[in-house]
1. Being at pLDDT below 90, surrounded by fewer than 19 Cβ atoms within 10 Å (Cβ to Cβ), in contact with a helix residue (DSSP H, G or I) (Cβ under 9 Å, 6 or more places away or on another chain) and of a type in the set (Ser, Thr, Tyr): is that true of residue 241 here?
2. Going residue by residue through region 80-91, is there one that turns out to be assigned to a helix (DSSP H, G or I), within 30 Å of residue 45 (Cα to Cα) and not assigned by TED's automatic domain parsing to the domain that holds residue 218?
3. Is it fair to say residue 212 is among the hydrophobic types (A, V, I, L, M, F, W, C), at pLDDT below 70, assigned to a helix (DSSP H, G or I) and crowded, with 16+ Cβ neighbours inside 10 Å?
4. Restricting to region 155-186, name every residue that is crowded, with 22+ Cβ neighbours inside 10 Å and within 28 Å of residue 15 (Cβ to Cβ).
5. Hey, any hits in region 312-334 for a residue that's in contact with a Gly (Cβ under 6 Å, 6 or more places away or on another chain), buried (at least 17 other Cβ atoms within 10 Å of the Cβ), among the hydrophobic types (A, V, I, L, M, F, W, C) and in contact (Cβ under 8 Å) with a residue 60 or more places away in the chain?
6. Residue check, residue 201 against (1) more than 16 Å from residue 337 (Cβ to Cβ); (2) of a type outside the set (A, V, I, L, M, F, W, C); (3) at pLDDT 85 or above, all met but one. Which one?
7. Which of the residues spanning region 120-178 are over 21 Å from residue 357 (Cα atoms), polar (S, T, N, Q) and out of contact with any Gly (no Cβ under 9 Å at 6 or more places or on another chain)?
8. Could you tell me whether any residue of region 336-347 is among the β-branched types (Val, Ile, Thr) and under 15 Å from the mean Cα position of the chain (by Cα)?
Amino acid sequence: MNEKENSSAEYKTGGWRAHYVLIVCTLLYVINYMDRQVFSVILQPMKIELGLTDAQCGLASTVLILGMAFFSFPISYLVDRWSRRKAIGIMAILWSGFTFATGLAKNFAGVLIPRAFVGLGEAGFVPGGTAMITASYPKEKRGRAMGIFHIAIPLGAAAGVILGGVLSARMGWRTPFFFFAIPGVVLGIMAFFMKDYKTADQPQTAGGIKNFYIALADVLKLTTMRWYYLALGIGVFMSSSVLAWLPSLMMRMMNVSEATAGAITGGIGLAAIVGAPLGGFLADVWQKKNPRGRMYVPAVSFFFSGVVLIIVILIGFTPVGIGIAVFYGILSSMAMPAVAAISQDVVPVAHKGLSMGLAIFAQYMLGGAWGPYIVGVVSDKLGGGAQGLSTAVMICGLFGIVSGILFFIASRTYQEDLKKVKDEAILAE
């Protein structure tokens with residue numbers, strides 16, 4: 001009887017075990033982004049030493065993104081069927097090992113293959129980490145926990161570029177890959193000691209390719225999630241395009257060096273440190289006052305980010321324009337903690353990882369992977385230069401506005417879908 005009671009004990013939220021999960025996952029997310037962003041800062045010396053073309057360098061960057069996109073939801077499906085903490089630990093060690101291997105590259109294949117496996121290793125981390133963190137904290141505190149988790153994005157991106165640049169300049173382009181691999185392995189080992197919840201019994205989706213599609217259908221049959229994934233992909237089209245093209249746009253409009261443009265862009269990007277926790281806090285507060293409140297945060301965030309982006313382009317990068325651009329950085333980062341929490345709110349326990357995996361797939365395949373390329377094509381069609389690129393980037397603001405509207409549409413069924421799983425318990429492992 002005692003054994004039966006223990007096996008069905010409800011998973012306890014909060015406390016030091018929850019904080020341990022949040023700290024380990026957040027630090028791993030920092031390393032995750034460091035491993036991604038360091039590639040941009042060592043690109044030129046690596047290209048020269050290995051004799052690569054720009055196309056080859058671009059492909060090595062793209063293959064990581066596509067690897068994450070294609071493998072995110074099949075791996076997250078497996079995470080839901082096995083163990084979050086073990087999967088996170090193994091994936092962290094995997095991507096760190098291939099980060100180290102990138103530093104050993106002697107030719108193009110030696111760069112391309114490890115980067116593909118880094119993407120594969122990172123593919124399931126965010127779904128698994130999101131499921132672990134949201135399960136570790138009460139529902140009313142999920143937004144704030146995800147706000148802390150998403151601080152890792154600007155911190156990791158900045159650390160990857162800054163530390164990677166210093167290490168590369170002093171000890172060669174291979175050195176950052178060797179250094180960044182070490183904390184990933186250490187944190188991967190620490191992940192095995194996180195408190196996990198019991199894998200939910202789901203006999204009809206327990207395994208196999210057929211049952212994978214059944215699980216996929218279980219998530220996509222929710223009206224809220226269908227609108228949510230579409231809205232997310234369109235919104236990330238805007239944010240990824242701005243991130244990729246903003247320094248070049250500044251250089252063309254302001255006639256400044258890449259160092260100056262990079263410093264200004266970095267300052268705008270670091271505004272996300274304010275925006276992410278603020279968005280998570282507002283998501284929790286708004287949810288208490290309104291049953292659709294958490295969904296309203298990305299709706300407002302993306303809509304007004306699009307409006308502000310258009311205003312920035314129309315004004316130009318004057319001191320006032322740069323100040324408004326900082327406001328864009330805060331607004332655009334406010335959405336993601338709520339987006340992550342929503343992915344867990346309305347789906348069964350058995351599909352929490354899969355739901356976030358689908359979100360990652362949507363944000364890359366519907367926008368993030370193609371947005372920067374499409375902006376470049378539009379700019380070329382409009383004659384290039386400052387005018388062509390500024391018009392193309394300004395059009396991205398319309399994607400943000402549309403995304404906000406779609407999130408508002410998704411909010412109409414959010415409360416109804418939320419009720420379907422409100423009584424479902426998360427059990428202790």
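The values are calculated or read from the model by the stated rules, or taken from the named source; none is laboratory data. Because the structure is a prediction, the values reported are computed rather than measured. Positions of Cβ are generated from backbone atoms using ideal geometry, with glycine treated the same way; all protein chains shown enter the neighbour counts.
1. no
2. Scanning region 80-91, I find at least one residue that is assigned to a helix (DSSP H, G or I), within 30 Å of residue 45 (Cα to Cα) and not assigned by TED's automatic domain parsing to the domain that holds residue 218, so the answer is yes.
3. Yes.
4. 156, 184
5. no
6. Answer for residue 201: the failing condition is (3).
7. 168
8. Yes - at least one qualifying residue is present in region 336-347.
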